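Computed from the coordinates by the stated procedures, all read-outs in this text should not be read as laboratory data. None of the values given here were measured: they were computed from a predicted structure. A quick note on method: Cβ atoms are made from the backbone with ideal geometry, for glycine too, and the neighbour counts reach across all protein chains shown.
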Number of protein chains: 2
Amino acid sequence: MSMIVNRRDLDFMFYEALDLDNLLKSARYSDYDPESIDAIFDLCQSIAEEEFLPCAGKLDANEPQFVDGAVETIPEVKQAINAFKDAGLATSGYDADIGGMQLPWMVDQALNGMFVCANNPIHIYLFLTQGVANMLNACGSAELKEQYLGPLVAGDWFGTMCLSEPQAGSSLADIRTKAEPMADGSYKLTGTKMWISGGEQDLTDNIIHMVLAKVPGGPAGVRGISLFLVPKVRVNADGSLGERNNIALAGLNHKMGCRGATNTLLNFGEGGDCIGYLVGNENDGLANMFHMMNEARISVGMSAVMTALGGYLYSLDYARNRPQGRPLDNKNPDLPQVMISEHADIKRMLMTQKAFVEGAQMLMYYSSQIIDQQKISQDKRQNQRMSLLLDLLTPICKSWPSEYCLEANKLAIQVLGGYGYTREYPVERLYRDNRLNHIHEGTWGIQGLDILGRKVQMHNGAAVAILREEVQATIDAASAYSQLSGYSEQLTATFDQIEQTIAAVVGCDNKGLALANATIFLDAMGHAVIAWMWLKQAIAACKGLNDGDAGDKDFYAGKLAATQFFFRYEIPKACTNLEVVADLDSTCFDLTAQQFLGQ
Amino acid sequence: MSMIVNRRDLDFMFYEALDLDNLLKSARYSDYDPESIDAIFDLCQSIAEEEFLPCAGKLDANEPQFVDGAVETIPEVKQAINAFKDAGLATSGYDADIGGMQLPWMVDQALNGMFVCANNPIHIYLFLTQGVANMLNACGSAELKEQYLGPLVAGDWFGTMCLSEPQAGSSLADIRTKAEPMADGSYKLTGTKMWISGGEQDLTDNIIHMVLAKVPGGPAGVRGISLFLVPKVRVNADGSLGERNNIALAGLNHKMGCRGATNTLLNFGEGGDCIGYLVGNENDGLANMFHMMNEARISVGMSAVMTALGGYLYSLDYARNRPQGRPLDNKNPDLPQVMISEHADIKRMLMTQKAFVEGAQMLMYYSSQIIDQQKISQDKRQNQRMSLLLDLLTPICKSWPSEYCLEANKLAIQVLGGYGYTREYPVERLYRDNRLNHIHEGTWGIQGLDILGRKVQMHNGAAVAILREEVQATIDAASAYSQLSGYSEQLTATFDQIEQTIAAVVGCDNKGLALANATIFLDAMGHAVIAWMWLKQAIAACKGLNDGDAGDKDFYAGKLAATQFFFRYEIPKACTNLEVVADLDSTCFDLTAQQFLGQ
């Protein structure tokens, strides 16, 4: 079995539970059909398994080194990237007009997911570059695009996002990097950026930094932030590389996981000129940067999901091949040992992983499909509805997998026991890698404030109303299968409770108190949405059991069991969490910093 | 503030919430009073802070190396151990008759806890040695004790526990290591042992292995296991070191955390004679090894607690000194940033850590106190009651901190954000270290089967009845404070539900199904017990607010807030978990290994 993808499940989600078939009938995606997409997946799987996966452990144990102001990376990384580029995969995420494959984004997510699962650190470079190119394409001037877009799309240059500074992580209002306008329309940048993934590397000839900075004299806070394109090496008019910009690698951060991708502290313009170019208008920087934020946050969620999928597949395979112990009702030591996958608690840990990973994966594809559908639909009202829904789902896409797919990775270690705790097996590395996802691209707490403080309240709660309509449509579809009726009732009750909770929060005048349990709300709402995703899968499984291939019976039975697991074992937790939020519980909010220790 | 201990809290638990004062009045502990114990804690704190803590990061980054068949460890480790020994602390865990300090075990746990928190890997050697010496003292012959006990107690030699083998981890029935009786009464051992912490090191002149092995011709399974003392270097009659036993270091396991302590694969007698000595009787090996299991498992729980305490203290200190962002109701960027400890979600993460760490720490001291009380009490009936109670609490002591104190470490990382994810800060190391505790000394799943399959059922449920009596005594004491009445009611309801759940399990004839959710039961029962521990602390806090020092007001307020947090945010989760167990939910149990993927 593959350790990076479950192809049967991909087909199930895309064609049985979701609607890729229909997307492929549109003019926009008419180059593709299920067979050609299958062939692309074949190609991706083989490159990911042959070039990305084998060096993942070595890269983790031999992270890039800071040598004489530059970075040294093990050669396997460049080789893997070359294989990826040679197969044309660097262009998977772009439209045809800029040289891309113009794949549905859900397909792009799935194919990139294989590389994430195989070797997430390498993929971090690729993911950032795609974000930078798309941002440039959306917001940049024609000249900037002419000069920079081609090599980014081709994967010849990589990109970075430079937001945080040592004194300003989540609080972008407080960034200090300065961009002074020059006579020729360019800007001179000075400042220090922290946590810059891929900020320096030895993999590409140039690095294109997207930098948030302030133009002197602009408004205070986030309203005075502008976005700049700052190349590591300046680019001549003919596209050739010129002088180096003054960007100094001040240090590498040594992470717990995702060690293979550099994470840097960069000094801009400290010892010479660092020239950048405005992207979009002055003071629109945050909006321009956030232009791609829904996609970026779904990709972070996807990375959490795929990191957990790796642990799930590995631990399942291990459990089915590791003999240890005997059934509780017959422990006769003369009998051979059974595979540990026969033990109930191992099954519970595997099932928990399955329910979390496949539930979250379904949400990622569902959300990606929204983006694809908007691109082919002329129905403006429906597009607006779906935009609002996606805005609401985005913090869940980012955070729920960051929490529960990390939990899945924890369980993968437990299935392997002592072996799982050693670096000789991949599951501990995946666990370390996954711990990152709650932190970058907006922390867990920030996502909580986003959903409860903004998203559920925007346009008088329109997004939540749309979500309920969509959930209701699923419940209506489920009514064809009587064995699903209990889930529908539970889902309705949970969303009723969510609406009551939101009403309690909105009715509270003390904004700090109202949002004090926002993270817990996010967690509970995520559970409700994942339960909805499982109901969608259960409907498709029921259909499959009725009409599908007899050889798929076990597959569908597993889907129904996971649905049952999620509704019985998990959803009740969401309900108890919602009670705390609805009560406007002030236990933590009231506490002073001194009271923790009494000093 | 100290990063390894909260001395005010130690005093609170020992003298206000528990009964150390009373213990110290007994003849057995008459050498000590609160002042002398305070002085011992001062000494321990300074050695732990000066010798153990400063090299913890370096040891993690420079784990012991396997060089030419031997181990090389950074010199700071030996230096720290010398400081520990020079202060006489190696003898803290033993009675005076064998040269020990004869401290109450709860005090021994607390003082060792400081070293665990400062540098757990070094402490692993010390903890194992104490276990081996106590086992030898309890089960060994006079000759063996004469020869081996002294250097172990002095900390001149270290000890190991050799249970697992590559093909037999949790399933000891399947060990294959053989011990053949020799004419002189000794045994010749052959076999391979896996996961042996401290199995080889360069810190002591000798290593005393306690090895489980089978004497040929004995009963199959666990009933044919015997315990042997096997020295790395044989000991001459005069106590001097003789020839080396044939024990080969076949490899070091490279762990995710606790990297500073070696973990080894050992071959016994593969290329020459490996002589061992029977401890206790043939075929009593498991019972002899398990003689110390309650203590060992409490110590594992303690290690989980102290590892989390390190994260809690560090992240609290960070949060109180890191400016970032502004209050939700006034985000004016011209105002200075506030400390992140002012943000509600940071408070939630700190409070969760406090509730988990201090709740679990209280349980460790409470359980340790039971052991101390048994040693000074002549009341046989009460001692039997307390023995049963301790048997019941032991799997909780082992597992609840392994789960929830790891969760606390996860939150400590989140409080620090990106910084927390780097190896430049200690919180990620503590998180990695703590992931071990669910695995060794009996996995999570094993503990679940232990509590639900054995402990709650033994003697017709006598242990649960005793637990309820003790809980009721706490509830009775709480009745003096009206603000605690809600907690008492909640605790009663939770324990009622636990009893109903046990009845449902006991009434099920299918043993496999009955125990299918044992781990979840363990989790829920742990929550109930920790809630009880918080009620105990709340009573002491109410007392303190009424009668105590005015300067302690914040301290007591924090204790009451943590109690409120645990009852409001956590206990409801236990109740939903118990429902799954009581329903005999078969979702996971029914699943076949093929159904996970459909292949």
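Tabulated data for the structure shown
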item	result
Per-pair calculated FRET efficiency, R0 = 30 Å: B:A142 and B:S387 via Cβ, rounded to 0.05	0.65
Sequence-separation-based contact order of segment B:195-339, relative, with Cα cut under 8 Å and 6+ spacing, percent	22 percent
Label-point separation, B:M339 to A:K178 (7 Å along Cα→Cβ), nm	3.1 nm
Cβ-vector label at 7 Å, B:D205, separations to other copies in nm	6.7
Nearest-ten-degree value, helix B:142-154 long axis tilted from longest Cα axis of chain B	50 degrees
Residue-by-residue Karplus 3J(HN,Hα) for segment B:430-446, coefficients 6.51, -1.76, 1.60, Hz, glycine and proline x	4, 4, 5, 4, 6, 4, 5, 5, 6, 9, 7, 6, x, 5, 3, x, 5
Estimated D of the protein assembly as shown in µm² per second, where Rh is the Kirkwood radius over Cα pairs and Stokes-Einstein applies at 10 °C, 1.306 mPa s	50 µm²/s
Burial order of peptide ranges A:316-324, B:431-439, B:501-509 (average beta-carbon count within 10 Å, highest first)	B:431-439, A:316-324, B:501-509
Nearest-first distances (nm) between copies at B:G69, label 7 Å from Cα via Cβ	5.0
Zone of B:N321's modelled label, taken as backbone nitrogen in segment B:396-437 under 13 Å from a point 7 Å along Cα→Cβ	B:426
Amide H contacts under 5 Å for B:C162, placed H, 5+ residues apart	B:M210, B:V211, B:L212
Table column - 3J(HN,Hα) (Hz), segment B:59-71, Karplus curve with 6.51, -1.76, 1.60, x for Gly and Pro	5, 4, 7, 10, 5, x, 10, 8, 10, 6, x, 10, 10
A:C508 paired with B:A504, simple spin-label distance in nm, labels 7 Å along Cα-to-beta-carbon	3.2 nm
Shielding by partners, peptide A:237-245 (average Cβ within 10 angstrom, other chains)	0
Sequence-distant residues sharing a close amide H with A:V233 (under 5 Å, placed H)	A:I207, A:N245
Cβ neighbours within 10 Å from other chains - mean over B:407-413	2
In degrees, nearest ten, helix B:293-319 long axis to first principal axis of chain B (Cα)	50 degrees
FRET E, pair B:N236, B:R454, Förster distance 35 Å, beta-carbon r, rounded to 0.05	0.20
For the protein assembly as shown, calculated [θ]222 nm from helices alone, where every DSSP H run of n ≥ 4 adds -39500 (n - 2.57)	-17000 deg cm²/dmol
Copies compared at B:D97 - label distances in nm, ascending, label defined 7 Å from Cα in the Cβ direction	9.0
Using alpha-carbon coordinates, inclination of helix B:344-376 to the longest axis of chain B, degrees	50 degrees
Cut-off under 5 Å, modelled amide H: who pairs with A:T262 long-range	A:G198
Cα centroid separation - segment B:432-508 against segment B:1-59, whole Å	29 Å
Local electrostatic count, A:A561, Cβ distance below 15 Å [Lys/Arg +1, Asp/Glu -1]	-1
Peptide B:328-340 - average C-beta neighbours from other chains (10 Å radius)	4
Calculated from backbone phi, Karplus (6.51, -1.76, 1.60) coupling profile of segment B:215-227 in Hz, x at Gly/Pro	7, x, x, x, x, 6, x, 5, 6, x, 9, 10, 10
Label-point separation, A:E72 to A:D42 (7 Å along Cα→Cβ), nm	4.2 nm
Under 22 Å from the Cα of A:K85 - lysines, other chains or at least 8 residues apart	A:K58, A:K145, A:K232
Eligible lysines near B:K331 by straight Cα distance, threshold 16 Å, same-chain separation 8 or greater	A:K511
Residue list for segment A:244-261, given a label point 7 angstrom along the Cα-to-Cβ vector of A:K188 and an amide N cut-off under 15 Å	A:245-247
Set of segment B:18-43 residues, backbone N closer than 19 Å to the point 7 Å along the Cα-Cβ line of B:D379	B:18-29
Candidate lysines - alpha carbon under 24 Å from A:K536, same-chain residues fewer than 8 apart omitted	A:K25, A:K347, A:K354, A:K375, A:K398, A:K455, A:K553, A:K559, A:K573
